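Accompanying notes for the structure given below.
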There are 2 protein chains.
Amino acid sequence: MRADAQRNRERILDAAEEVFARHGAAASTEEVARRAGVAIGTVFRHFPAKDDLLTAILKRLLARLAEDAAALGGADGLHTFFTRLVARAAARRTVVGLAGVDVPEAVGRLGDAVGELLRQAQAAGTVRRDVQRPEVMALLVSVCQGALHGGWDEDLQARTLAVVFAGLAA
Amino acid sequence: MRADAQRNRERILDAAEEVFARHGAAASTEEVARRAGVAIGTVFRHFPAKDDLLTAILKRLLARLAEDAAALGGADGLHTFFTRLVARAAARRTVVGLAGVDVPEAVGRLGDAVGELLRQAQAAGTVRRDVQRPEVMALLVSVCQGALHGGWDEDLQARTLAVVFAGLAA
DNA sequence: TAATATAGTGAGTCTGGACTCATTTTGCTA
DNA sequence: TAGCAAAATGAGTCCAGACTCACTATATTA
């Protein structure tokens, strides 16, 4: 792959993340191209259909989250990850839950990373032992979506997470 | 308002609720008209813009929920309402959180009804006293959205709600 | 039942946005 | 630096879907 192609691909992904985050998945490809500083044809060269672009963004996003999660650990790892994620979702409208787009492996890796945080929290006695991965993931996604669409302020984030963590606590 | 107009208005709202619930807010007005058994012009006579239709549905939905909530009460009222709502969201894709559409009064009334359930649950000693309305609403919306998009099965719904209610418990 | 305002109809207009492709530009290699 | 394949360009095509309106049908009322 030529160097300019590589560079433009990254630029397009960055621009798309920004644009779709701000205006939702209905934002136009034209807008993405403009923000990336390339012609619309270039976007379609890299991502033949709009869906491919959405999928690519989501994949990258999930990969980054999994990395973040993997870098944490200990008694408060889960708590830290959860809190950080919600704050991020509330602040910028990160692309979450794009209807119809699914990227099983990427979701799987994130799930594994969160599962590991859960295991450590349980080992440290921070979280009840009968709690399982699926409901932790479910809560994570739910609260992020809530914060995302609801535009929660910091106080509401804190209060809501406090309830969730009281529920998880040993 | 003429009798046929009244009848068609209801039909259109029912059809729209069904269609948007199934295919999301991006579904076409044509489809709504077809399901309602009226011409597309009729839909636009009642609701000049698509947004008006979406708003009307949301208003009706929120009003119904507020009614449901108002009919409950006692120590387990909040729990019952919460559980019922999540199950409903997971089953049919009820229209929730339509971007850009807001109907302050309707949301307000639902909030009041939920607030009353919270008050009663606290009076009965089912829920901690330091929990406040905003975070309860936030959790409600979040979990519904999660269930909606995630297509949770009954088991996952139960486990997730168990964590939330453990967090709320006195 | 006649008069008429109100409501319904659906072919047609118009627009935004996804996607194409002939042409031009550019990075790479020999 | 010449040659060329890879990449970029952006005007143009195409279509779905929101919305219109001239006309027809019907509920209501006197």
Checklist outcome for this item: With only helices counted (DSSP H, runs n ≥ 4, each -39500 (n - 2.57)), the per-residue ellipticity at 222 nm for the protein assembly as shown, to the nearest 500, works out to -24500 deg cm²/dmol
Checklist outcome for this item: Partner shielding of B:128-139, as the mean number of partner chain Cβ atoms within 10 Å, equals 5
Item to check | Amide proton proximity set for A:VAL127, modelled H, under 5 Å, gap of 5+ | outcome: A:GLN122, A:ALA170
Checklist entry - Which value, in debye to the nearest 20, describes the size of the charge dipole of the stretch B:1-96 about its Cα centre when Lys and Arg Cβ atoms bear +1, Asp and Glu Cβ atoms bear -1, and nothing else is charged? => result 180
Checklist entry - Can you tell which of A:ALA124, A:ALA69, A:ALA113 shows the greatest fluctuation in a Gaussian network model of chain A with Cα springs below 10 Å? => result A:ALA124
Checklist outcome for this item: Taking the alpha-carbon centre of each part, the distance from the stretch A:7-27 to the stretch B:118-170 in Å is 34
Next on the checklist: Once you order the gyration tensor axes a ≥ b ≥ c over the Cα atoms, which shape class does the stretch B:62-168 get: rounded for a/c under 1.5, otherwise prolate or oblate by comparing a/b with b/c?
Outcome noted: oblate
Next on the checklist: If the reach is capped at under 16 angstrom between alpha carbons, list the lysines near A:LYS50, excluding any in the same chain fewer than eight residues apart.
Outcome noted: A:LYS59
Checklist entry - Loop-only check: which trypsin sites (Lys or Arg not before Pro) in the stretch B:105-134 are DSSP coil with at most 12 other Cβ within 10 angstrom? => result B:ARG129
Next on the checklist: Within 10 Å of each Cβ in B:158-170, how many Cβ atoms from other chains are there, averaged over the peptide?
Outcome noted: 6
Checklist entry - If you place +1 on the Cβ of every Lys and Arg and -1 on the Cβ of every Asp and Glu, how big does the dipole about the Cα centre of the protein assembly as shown come out, in debye to the nearest 20? => result 400
Next on the checklist: What distance in nm lies between label points placed 7 Å from Cα along the C-beta direction at A:ALA124 and B:THR83?
Outcome noted: 3.3
Item to check | Net charge, A:GLU116 excluded, C-beta distance under 15 Å - Lys, Arg +1, Asp, Glu -1 | outcome: -1
Checklist entry - Using +1 on the beta carbon of Lys and Arg, -1 on that of Asp and Glu, and nothing else charged, what's the dipole of the stretch B:33-89 about the Cα centre, debye to 20? => result 340
Checklist outcome for this item: Each residue of B:140-151 has, on average, a number of other protein chain C-beta atoms within 10 Å of its C-beta equal to 6
Checklist outcome for this item: For chain B, the helices passing both cut-offs (Cα extent along own axis of 18 Å or more, Kyte-Doolittle mean at least 0.5, full DSSP H runs) are B:77-91, B:133-150, B:154-168
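Computed from the coordinates by the stated procedures, all read-outs in this text should not be read as laboratory data. Since the model is a prediction, treat every value here as computed from it, not as a measurement. Ideal geometry is used to build each Cβ from the backbone, glycine not excepted, and the neighbour counts take in all protein chains shown.
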